[in-house]
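Okay, so here's the structure we're looking at.
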Amino acid sequence: MDAITRYGAIWGSLGVGVAIASLSLSPGPLRNAELASLNWRMEHFDAHPPAPHVVIVDADEGSIERMGQWPWPRRIHARLIDRLTALGARLIDFDMVFSEASDEADDAALARAIQQSGRVVLASFLSGIQTLHPDGSFGPELTVPLARFHAPHGYASLPLDPDKYVRRLPKASWHGEPSICWTVLDRWDTARAAALRPTLAGGGALLRMSGPPGSYPTVSYASVLDDVLDPRVDRAFHPADPRAVASYAELFKDSLVIIGSSAPTQHDSFPAPFASHDQRMMPGVELQANAIGTLMHGHPRREAPWPISASLTVLMPGLAAIAMRRSSPLRGMIWLLALAALTLALGLFSFAILGWALWLVPPLVAKALAAAGLLAQKLLHTEQERSRIRATFSRYVAPGVVDAILRHPDRYQLSAAHRCEVTVLFADVQGFTSLSEQLPAERVESLLNGYLSAMTTEIFRCQGTLDKYIGDGIMAVWGNLGDMPPEEAAIEACRAALGMQEAARRLSDAWIRDGLPPLVVRIGIHSGEALVGNFGSELKLDFTVIGDVVNTASRLEALNKSVGTRILISGATFGLVPNRVTAAPKGDQAVRGKTATLSVFELSGLAGTVPAAPQPERTST
């Protein structure tokens, strides 16, 4: 029984795993489900306190009502810069793009405030317009701040996953433009930026989120300009909050201030972990705070390399198949639940302890689908048993054996061996051992399989029973099954031998074209009485024939070498078919293992046909 048949359920389960892994690598329901599970892990196993000294100034809806229609004159932003600088802010990061000129006086005021502060970082923007870049790539167009502001800047766009969620760090630079997160970190902590750049510059690491919107200290834009303490940082509103402060001077001193807008009219909010419930969104300014905070914390989680997760997706269904292969349905379900728990535990341990996010959903889906197939197979097994046995045995034993067993099961028990007249054929390839030592194993396997297939086809065509393969040797029997008369068994064996030689000639032509020596097959045939039945133990049986007829046929095959023939039949076989074959007498020959000589004949054809049997090559075995 070959491995594919014996382990079909396992191979099938592995195939399910491969299919699920392949689907999980592309955008679609499986990938989105896995990303949703990643949200859950980030929310429950990776929430971190906000990075210290990071404050958000929010141009929220209330500020817009107070200060007038957006966009505001740039002199207002200049006033905010002046005030934050005076309050001791260490760095001021605008999550706003000032890419086009506005009123000259306003632009001049903003440029003056930026220059006098010396602490401002501005945002650039990756637009939806596709353009050709100097390196030949095609991608989003970069919009940068006006040159007159003379401020460091970086692109503020954050990468979106296939499900349109923001959950990853951006690359450190894009076509020469740094990410604003890295621009800020370079100015906040140059040494830390240099240490993190080798491992995180490529982006893709998961954000270390600090919770739902509002987790970072946030005050309204208007309240800062009006010097009215925002209730969100008043000790009276947060008496137990260690971040609560009594004044803006205390809040902004030595802080990184990120300025942006959460107003719905600005359309700068995105789905993100912690913000997915009730279709809530997270403002882009707070996502920027989380991205910068991730770099400040360092050591963010990452998704495990896809080959590792894909291998787990393929392996788990295979383990489920192995566990269920010889188990009852109930025990199989217990194994499946245990494997599912193991997958979940491995995924959570890897994420929480090792910092790698292995796939969770694809392995569980693959295991569930494979389990469904395995359980269905077990339920159908009983109904299909009889046809399965017939199909299986018909592939691996000679045709007729299964039918004979089904017709007369009592005849083929261990104790039911019986004597009958049979004809036995032995065939062997001249020089194959030497040839196999000169060729790669794969080449030997291919040649041997092709040869055995061709020879077996001829045996089955002539109603023979394939008894066994012995390396490149073949043993076949006629008359051991059914009601085949001895004469018919002998002529069918002769017919098979001639067919095998013709098949060998065709194979030999192919071998010679491939630069191999000719294929020379030697065959010996003998007829006589043998014991037929199942021989072995209760654990392993072999349906075969035993007796002197077997040994003699084997000796005749070997005798071909010294006689210089391809097919030798014994006098006993020739006596059963004297008028039906063309055979030349080769006299009485001494046969190894026997004291008496044996009359032998060279079989060259059937009666009425022209013999064509070339002499074998003189090579050693």
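So the values come out like this:
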quantity	calculated
Computed FRET value (nearest 0.05) for H175 with A147, which takes r as the C-beta separation and R₀ as 25 Å	0.90
Full-extension gain in nm, E488 to K594, via 0.36 nm per residue minus C-alpha separation	35.4 nm
Net charge over other residues, Cβ less than 15 angstrom from the Cβ of V365 (K, R count +1; D, E count -1)	+1
Segment 401-606, relative contact order in percent, only Cα pairs under 8 angstrom and at least six apart counted	24
Extension gain (nm, one decimal) between R187 and R580, 0.36 nm per residue minus Cα-Cα	131.2 nm
Shape call, segment 401-606: gyration tensor on alpha carbons, a/c limit 1.5	oblate
Net length gained if the chain between L342 and A86 were fully extended (0.36 nm per residue, minus Cα distance)	86.5 nm
Inter-part distance where segment 284-346 and segment 169-225 are each reduced to a Cα centre, Å	29
Exposure proxy order (Cβ contacts within 10 Å, fewest to most) of F543, F349	F349, F543
For segment 531-566 and segment 52-99, distance of Cα centres in Å	98
Sites F45 and D254 - FRET efficiency at Förster radius 56 Å, r taken between beta-carbons, to 0.05	0.95
q = 0.24 Å⁻¹: log10 I(q)/I(0) that the Debye formula gives for segment 310-374, counting C-alpha atoms only	-0.94
Assigned charges on the beta-carbon of Lys, Arg, Asp, Glu; segment 401-606 dipole about Cα centre (debye)	400
Simple label model, 7 Å out from Cα along Cβ direction - R461 to W70, nm	8.5
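Read the figures in this text as sums done on the coordinates, not as results from a lab. Just so it is clear, the structure is predicted and the values come from calculations on it, not from any experiment. FYI the Cβ positions are ideal-geometry reconstructions off the backbone, even for glycines, and counts take in every protein chain you see.
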